[in-house]
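Peer 1: The structure is given below, and queries will be raised subsequently.
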Amino acid sequence: MRWLLVTGFMLFGICAALGDELDDLFGSDSGVDAKKVEAAVKRAAEWLLSKQNPDGSWTVSGKGQLLEIESHYPGGVTALILYALLKAGIDPKDPRIVKGFEFCRKAPDLQLSGDVPRPGVTPQPGQNFTSARTYSVSCMILALAAKYQPRVKSRKSRHLIKRLMTSADKQLRRGFRKADPRDKQFLSELVEWLIKTQQTNIWRYPGPAQDGNWEDASNTQYVMLALYTAWRLGYKIPPSVWEKVIQW
(Lines give C-alpha, C1' and ligand atoms only; values in the text may rest on other atoms or scores of the structure.)
Protein backbone atom coordinates (compact mmCIF):
# COMPACT_ATOMS: atom_id res chain seq x y z
CA MET A 1 0.00 0.00 0.00
CA ARG A 2 1.18 3.52 -0.74
CA TRP A 3 1.29 4.61 2.90
CA LEU A 4 3.31 1.59 3.93
CA LEU A 5 5.81 2.16 1.13
CA VAL A 6 6.26 5.79 2.13
CA THR A 7 6.71 4.77 5.76
CA GLY A 8 9.26 2.10 4.91
CA PHE A 9 11.19 4.53 2.73
CA MET A 10 11.30 7.06 5.53
CA LEU A 11 12.55 4.55 8.08
CA PHE A 12 15.32 3.48 5.71
CA GLY A 13 16.18 7.12 5.13
CA ILE A 14 16.61 7.91 8.81
CA CYS A 15 19.30 5.24 9.15
CA ALA A 16 21.05 6.24 5.96
CA ALA A 17 20.90 9.94 6.85
CA LEU A 18 23.37 9.25 9.63
CA GLY A 19 25.83 8.02 7.05
CA ASP A 20 28.76 10.20 8.11
CA GLU A 21 28.69 8.89 11.66
CA LEU A 22 27.83 5.29 10.82
CA ASP A 23 30.69 5.15 8.31
CA ASP A 24 33.04 5.40 11.27
CA LEU A 25 31.55 2.19 12.62
CA PHE A 26 30.77 0.18 9.51
CA GLY A 27 33.06 1.53 6.79
CA SER A 28 32.51 4.14 4.09
CA ASP A 29 32.00 1.93 1.03
CA SER A 30 28.20 1.70 1.18
CA GLY A 31 27.76 3.98 -1.85
CA VAL A 32 24.88 5.78 -0.09
CA ASP A 33 24.80 9.56 -0.48
CA ALA A 34 23.57 10.56 2.99
CA LYS A 35 22.70 14.13 1.94
CA LYS A 36 20.51 12.95 -0.94
CA VAL A 37 18.71 10.46 1.27
CA GLU A 38 18.18 13.05 3.97
CA ALA A 39 16.77 15.47 1.39
CA ALA A 40 14.42 12.78 0.05
CA VAL A 41 13.17 12.00 3.55
CA LYS A 42 12.55 15.70 4.13
CA ARG A 43 10.54 15.99 0.89
CA ALA A 44 8.50 12.90 1.82
CA ALA A 45 7.73 14.35 5.26
CA GLU A 46 6.69 17.67 3.74
CA TRP A 47 4.40 15.85 1.30
CA LEU A 48 2.73 13.92 4.11
CA LEU A 49 2.25 17.08 6.16
CA SER A 50 0.66 18.77 3.16
CA LYS A 51 -1.97 16.00 3.03
CA GLN A 52 -3.15 16.38 6.61
CA ASN A 53 -6.88 17.04 6.98
CA PRO A 54 -8.22 20.01 8.97
CA ASP A 55 -9.26 17.69 11.82
CA GLY A 56 -5.68 16.44 12.20
CA SER A 57 -6.16 13.11 10.42
CA TRP A 58 -4.79 11.59 7.24
CA THR A 59 -6.81 9.56 4.79
CA VAL A 60 -5.77 7.13 2.08
CA SER A 61 -5.66 8.52 -1.43
CA GLY A 62 -7.02 6.50 -4.32
CA LYS A 63 -10.27 4.88 -5.34
CA GLY A 64 -12.07 1.55 -5.19
CA GLN A 65 -11.71 -1.29 -2.73
CA LEU A 66 -8.50 -0.05 -1.08
CA LEU A 67 -10.10 3.26 -0.15
CA GLU A 68 -13.19 1.45 1.18
CA ILE A 69 -11.11 -0.90 3.33
CA GLU A 70 -8.83 1.80 4.71
CA SER A 71 -11.80 4.00 5.58
CA HIS A 72 -12.40 1.64 8.51
CA TYR A 73 -8.99 2.60 9.98
CA PRO A 74 -8.95 6.41 10.37
CA GLY A 75 -6.98 6.26 13.61
CA GLY A 76 -4.66 3.55 12.33
CA VAL A 77 -3.77 5.42 9.13
CA THR A 78 -3.17 8.62 11.09
CA ALA A 79 -1.04 6.81 13.69
CA LEU A 80 1.05 5.24 10.93
CA ILE A 81 1.70 8.66 9.38
CA LEU A 82 2.56 10.16 12.77
CA TYR A 83 5.05 7.33 13.28
CA ALA A 84 6.66 8.02 9.91
CA LEU A 85 6.87 11.77 10.51
CA LEU A 86 8.38 11.38 13.97
CA LYS A 87 10.94 8.90 12.64
CA ALA A 88 11.70 11.43 9.90
CA GLY A 89 12.66 13.96 12.57
CA ILE A 90 9.54 16.15 12.85
CA ASP A 91 9.35 17.72 16.30
CA PRO A 92 6.76 16.00 18.55
CA LYS A 93 5.65 19.48 19.67
CA ASP A 94 4.87 20.56 16.11
CA PRO A 95 1.19 21.66 16.14
CA ARG A 96 0.40 19.31 13.25
CA ILE A 97 1.77 16.33 15.19
CA VAL A 98 -0.13 17.38 18.30
CA LYS A 99 -3.33 17.68 16.30
CA GLY A 100 -2.81 14.25 14.78
CA PHE A 101 -2.49 12.62 18.21
CA GLU A 102 -5.61 14.40 19.44
CA PHE A 103 -7.53 13.01 16.46
CA CYS A 104 -6.35 9.48 17.26
CA ARG A 105 -7.66 9.68 20.80
CA LYS A 106 -11.19 10.10 19.39
CA ALA A 107 -10.94 7.77 16.36
CA PRO A 108 -13.49 4.91 16.40
CA ASP A 109 -10.89 2.24 15.61
CA LEU A 110 -8.97 3.25 18.77
CA GLN A 111 -11.90 3.10 21.20
CA LEU A 112 -11.04 0.18 23.45
CA SER A 113 -14.34 -0.39 25.27
CA GLY A 114 -16.66 -3.26 24.41
CA ASP A 115 -16.48 -7.04 24.31
CA VAL A 116 -13.93 -9.00 22.28
CA PRO A 117 -15.35 -11.78 20.04
CA ARG A 118 -14.04 -15.23 21.00
CA PRO A 119 -13.94 -18.48 19.02
CA GLY A 120 -16.61 -20.91 20.17
CA VAL A 121 -18.53 -18.25 22.11
CA THR A 122 -22.02 -17.44 20.79
CA PRO A 123 -22.72 -13.68 20.73
CA GLN A 124 -25.60 -12.56 22.95
CA PRO A 125 -28.40 -10.27 21.68
CA GLY A 126 -27.46 -6.64 22.13
CA GLN A 127 -23.87 -7.46 23.03
CA ASN A 128 -21.56 -4.45 22.66
CA PHE A 129 -18.44 -5.44 20.69
CA THR A 130 -15.30 -3.33 20.58
CA SER A 131 -14.81 -1.02 17.60
CA ALA A 132 -11.01 -0.99 18.06
CA ARG A 133 -8.86 -2.71 15.44
CA THR A 134 -5.61 -4.59 15.96
CA TYR A 135 -3.71 -2.77 13.19
CA SER A 136 -4.75 0.63 14.54
CA VAL A 137 -3.93 -0.13 18.17
CA SER A 138 -0.51 -1.50 17.18
CA CYS A 139 0.33 1.55 15.04
CA MET A 140 -0.78 3.85 17.86
CA ILE A 141 1.68 2.20 20.25
CA LEU A 142 4.48 2.63 17.72
CA ALA A 143 3.58 6.30 17.22
CA LEU A 144 3.47 7.05 20.94
CA ALA A 145 6.85 5.40 21.44
CA ALA A 146 8.33 7.39 18.54
CA LYS A 147 7.12 10.56 20.22
CA TYR A 148 9.63 9.97 23.02
CA GLN A 149 12.53 8.46 21.10
CA PRO A 150 16.01 9.91 21.76
CA ARG A 151 16.58 12.74 19.32
CA VAL A 152 19.89 13.47 17.61
CA LYS A 153 20.09 17.25 17.18
CA SER A 154 23.46 17.35 15.45
CA ARG A 155 24.80 15.14 12.66
CA LYS A 156 28.24 15.60 14.20
CA SER A 157 27.32 14.04 17.54
CA ARG A 158 29.41 10.90 17.10
CA HIS A 159 29.62 10.11 20.78
CA LEU A 160 25.87 10.50 21.24
CA ILE A 161 25.10 8.23 18.29
CA LYS A 162 27.47 5.53 19.54
CA ARG A 163 25.87 5.73 22.96
CA LEU A 164 22.37 5.43 21.52
CA MET A 165 23.35 2.41 19.47
CA THR A 166 24.83 0.60 22.47
CA SER A 167 22.13 1.44 25.03
CA ALA A 168 19.04 2.18 22.95
CA ASP A 169 16.57 0.55 25.35
CA LYS A 170 17.98 2.45 28.32
CA GLN A 171 17.79 5.76 26.43
CA LEU A 172 14.24 5.04 25.25
CA ARG A 173 13.01 4.22 28.75
CA ARG A 174 14.73 7.28 30.18
CA GLY A 175 12.92 9.50 27.68
CA PHE A 176 9.58 7.82 28.28
CA ARG A 177 9.78 8.35 32.04
CA LYS A 178 9.18 12.03 31.32
CA ALA A 179 6.22 11.34 29.04
CA ASP A 180 2.90 13.15 29.31
CA PRO A 181 0.74 11.23 31.85
CA ARG A 182 -2.07 11.09 29.27
CA ASP A 183 0.25 9.35 26.82
CA LYS A 184 1.42 6.89 29.46
CA GLN A 185 -2.16 6.05 30.39
CA PHE A 186 -3.24 5.71 26.75
CA LEU A 187 -0.28 3.49 25.91
CA SER A 188 -0.95 1.28 28.95
CA GLU A 189 -4.55 0.81 27.85
CA LEU A 190 -3.48 -0.02 24.29
CA VAL A 191 -0.98 -2.63 25.51
CA GLU A 192 -3.54 -4.20 27.84
CA TRP A 193 -6.07 -4.35 25.01
CA LEU A 194 -3.66 -6.22 22.73
CA ILE A 195 -2.86 -8.72 25.46
CA LYS A 196 -6.57 -9.20 26.16
CA THR A 197 -7.51 -9.69 22.49
CA GLN A 198 -4.98 -12.47 21.79
CA GLN A 199 -6.99 -15.40 20.49
CA THR A 200 -6.01 -19.08 20.95
CA ASN A 201 -2.49 -18.28 19.80
CA ILE A 202 -2.31 -15.08 17.77
CA TRP A 203 -4.54 -12.16 16.64
CA ARG A 204 -7.10 -11.00 14.11
CA TYR A 205 -8.98 -7.69 13.68
CA PRO A 206 -10.61 -8.96 16.10
CA GLY A 207 -13.38 -11.31 14.98
CA PRO A 208 -13.48 -14.26 12.58
CA ALA A 209 -12.73 -14.23 8.86
CA GLN A 210 -15.37 -15.26 6.33
CA ASP A 211 -13.87 -18.74 6.30
CA GLY A 212 -14.15 -18.95 10.10
CA ASN A 213 -10.45 -18.43 10.81
CA TRP A 214 -9.82 -16.50 14.03
CA GLU A 215 -6.10 -15.91 13.60
CA ASP A 216 -4.08 -13.89 11.10
CA ALA A 217 -0.29 -13.59 10.69
CA SER A 218 -0.37 -10.03 9.30
CA ASN A 219 -2.21 -8.64 12.33
CA THR A 220 0.13 -10.61 14.54
CA GLN A 221 3.21 -9.07 12.92
CA TYR A 222 2.00 -5.59 13.89
CA VAL A 223 1.14 -6.74 17.42
CA MET A 224 4.59 -8.25 17.90
CA LEU A 225 6.24 -5.00 16.78
CA ALA A 226 3.99 -3.02 19.13
CA LEU A 227 4.41 -5.26 22.18
CA TYR A 228 8.16 -5.50 21.66
CA THR A 229 8.27 -1.70 21.54
CA ALA A 230 6.16 -1.51 24.70
CA TRP A 231 8.56 -3.93 26.39
CA ARG A 232 11.46 -1.67 25.39
CA LEU A 233 9.62 1.20 27.09
CA GLY A 234 9.46 -0.83 30.31
CA TYR A 235 6.05 -2.51 30.12
CA LYS A 236 5.88 -6.07 31.42
CA ILE A 237 4.48 -8.49 28.83
CA PRO A 238 3.44 -11.91 30.19
CA PRO A 239 5.78 -14.66 28.88
CA SER A 240 2.73 -16.67 27.77
CA VAL A 241 1.98 -14.02 25.13
CA TRP A 242 5.28 -14.72 23.35
CA GLU A 243 5.11 -18.47 23.97
CA LYS A 244 1.73 -18.87 22.26
CA VAL A 245 2.98 -17.04 19.17
CA ILE A 246 6.14 -19.14 19.02
CA GLN A 247 4.10 -22.34 19.34
CA TRP A 248 1.75 -21.22 16.59
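Peer 1: Would you pull out the residues with amide H under 5 Å of residue 115's amide H, same chain only if 5 or more places away, H placed 1.01 Å from N?
Peer 2: Sorted by chain and number, the residues that satisfy this are 128, 129, 130.
Peer 1: While we're looking at this one, here's another question. Please turn the phi angles of the stretch 132-148 into ³J(HN,Hα) values with the Karplus equation 6.51 cos²θ - 1.76 cosθ + 1.60 (θ = phi - 60°), one per residue in order, whole Hz, x for glycine and proline.
Peer 2: Per-residue couplings from phi come out as 5, 10, 4, 4, 5, 4, 5, 5, 5, 4, 4, 5, 5, 5, 5, 4, 10 Hz.
Peer 1: Below 20 Å, Cα to Cα, which lysines can residue 170 reach? Residues fewer than 8 away in the same chain don't count.
Peer 2: Output for residue 170: 87, 147, 153, 162, 178, 184, 236.
Peer 1: Take peptides 179-191, 133-145, 82-94 and line them up by average Cβ neighbours within 10 Å, highest first, as a rough protection proxy.
Peer 2: Final packing ranking: 133-145, 82-94, 179-191.
Peer 1: Taking the solvent-accessible surface of protein heavy atoms with a 1.4 Å probe, what is the per residue accessible area of the stretch 177-248 in Å²? Walk me through the numbers on the way to the answer.
Peer 2: Details: 4030 Å² over 72 residues.
With all protein chains present, the stretch 177-248 gives 56 Å² per residue.
Peer 1: First compute the accessible area of the stretch 47-129 with a 1.4 Å probe, then give the percent of it belonging to carbon and sulfur atoms.
Peer 2: Taking all protein chains in place, the stretch 47-129 shows 55 percent carbon and sulfur surface.
Peer 1: With a 1.4 Å probe and every protein chain kept in, tell me what percent of the accessible surface of the stretch 184-248 is carbon plus sulfur.
Peer 2: Carbon plus sulfur share of accessible area: 52 percent.
Peer 1: Here's a follow-up. Relative to the present Cα-Cα distance, how much length would full extension add between residue 61 and residue 243 at 0.36 nm per residue of separation?
Peer 2: So the extension gain works out to 61.7 nm.
Peer 1: At 1.4 Å probe size, with every protein chain present, just tell me what the per residue accessible area of the stretch 62-120 comes to in Å².
Peer 2: 50
The values are calculated or read from the model by the stated rules, or taken from the named source; none is laboratory data. Computed from a prediction, not measured in an experiment: that's the story for all the values here. Counting neighbours? That spans all protein chains shown, and the Cβs are built from the backbone with ideal geometry, glycine included. Remember, those area values only see protein heavy atoms, side chains included, never the ligands or the DNA or RNA. Shrake-Rupley method; radii C 1.70, N 1.55, O 1.52, S 1.80 Å.
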